[in-house]
Amino acid sequence: MTSETITAAASGTWKLGDLPVNRLGFGAMRLTQNGEALRADATPSDRGRAISVLRRAVELGVNHIDTAAFYFSPLRSANELINRALAPYPDDLVITTKVGPGRDPSGAWLPHATPEQLRGQIEENLRQLGRDHLDVVNLRIVGTDSLAERFGALAELRDAGLIRHLGISNVRPHHLAEAQAIAPVVCVQNPYGIGAPPEQDHFLRTCGQQGVAFVPFYAIAGAGRQAGATGTDSDQLLAVARAHGATPAQVRLAWTLRRGPHVLAIPGTGNPDHLLANVAAGALRLSDDDLAVLDAC
């Protein structure tokens, strides 16, 4: 399933607040370096190739790009690559970024930003992307502690016009309720894919009932996380892929999109062939029997 006639529009659409996007988007994490993403010792990617992948993604109908200022490697910044490749930005392009974590210039991870530091992270994203406002900003957290103070700081920046819409990332259901008491939440970005625990399925459905987009990360990689797919797909998944003339990664993406009309996909790659395959997955229609097999994996 790699026909170049297939575009991201085949995946259907959803709105992030008032911003319509095709449900098959693009994640920028893997653009900046080769090998495992976000490792400080990884080698930088080829800049020209990364820029061409971004431009090709937009040509293929991708209008939702997920990024962050902390997506960088020696010599490469995802935000800078996006700016160079796509500015002046198409009117329908929605760029989602995230704040909370940070990295020093060497790539080492820093503690989560304080509410006071979040404005600096917002301004850094604005500068790198060349924007006067950010379309969607996700507050990414680790753990179960309250996010109210930090989310409240972002809500103030939203009120000031620096941010259009807010989301949350790597969260639990109680975080969604806590955030919604402060400001509207347009998306939840969490790890999710085939084999996800039941509580994540329940959370996904809760988001749908409330009109909140659910945006999985690691939908392809699964347990491989930043390292990418592990190559340990089950026999059942491989059989479904063969039946559709598709790759296991395409089946994983198609399964994800079938979880609900509010579920978006943001597969990332620096490989133009993988980009084509990912976009084509938005047109893969799994049967109810396929879903039953995959749900049992």
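Observations on the model:
- Extending 7 Å from the Cα toward the beta-carbon at both A292 and D201 defines two label points whose distance is 1.5 nm.
- Antiparallel DSSP beta bridges within the range 113-216, percent to nearest 5: 0 percent
- Taking trypsin sites (Lys or Arg not before Pro) in DSSP loop conformation with at most 15 other Cβ atoms inside 10 Å as exposed sites, the chain has its longest uninterrupted site-free stretch at 40-284.
- Extension reserve of the R84-D18 stretch, reckoned as 0.36 nm per residue once the Cα distance is removed: 21.1 nm
- Among A219, A280, A87, the residue with the largest mean-square fluctuation in a Gaussian network model of the chain, with springs joining Cα atoms closer than 10 Å, is A87.
- Mean Cβ count within 10 Å, highest first, over the residues of peptides 207-215, 287-295: 207-215, 287-295
- Gain upon complete extension [A108, A239; 0.36 nm per residue less C-alpha separation]: 43.0 nm
- Think of the chain as having a plus end and a minus end, set by charges on the Cβ of Lys, Arg, Asp and Glu; of L294, L162, S45, S45 sits farthest toward the positive end of this dipole.
- Evaluated at q = 0.10, 0.12, 0.13, 0.17 Å⁻¹: base-10 log I(q)/I(0), Debye formula over Cα of the range 92-207: -0.30, -0.43, -0.51, -0.85
- Distance cut-off 25 Å, percentage of C-alpha pairs in the range 143-297 lying past it: 35 percent
- Computed FRET value (nearest 0.05) for Q210 with T5, which takes r as the C-beta separation and R₀ as 45 Å: 0.80
- All other residues whose Cβ lies under 11 angstrom from that of A213 are scored, Lys and Arg at +1 and Asp and Glu at -1, for a net of +2.
- Local electrostatic count, I182, Cβ distance below 12 Å [Lys/Arg +1, Asp/Glu -1]: -2
- When only the Cβ of Lys, Arg, Asp and Glu is charged (+1, +1, -1, -1), the dipole of the chain relative to its Cα centre reaches about 340 debye.
All of the numbers you see were taken from the coordinates with simple rules; none came from a lab. Owing to the predicted nature of the structure, the values given are computational and were not obtained by experimental measurement. Glycine gets a Cβ as well: all are built from the backbone with ideal geometry, and neighbour counts include every protein chain shown.
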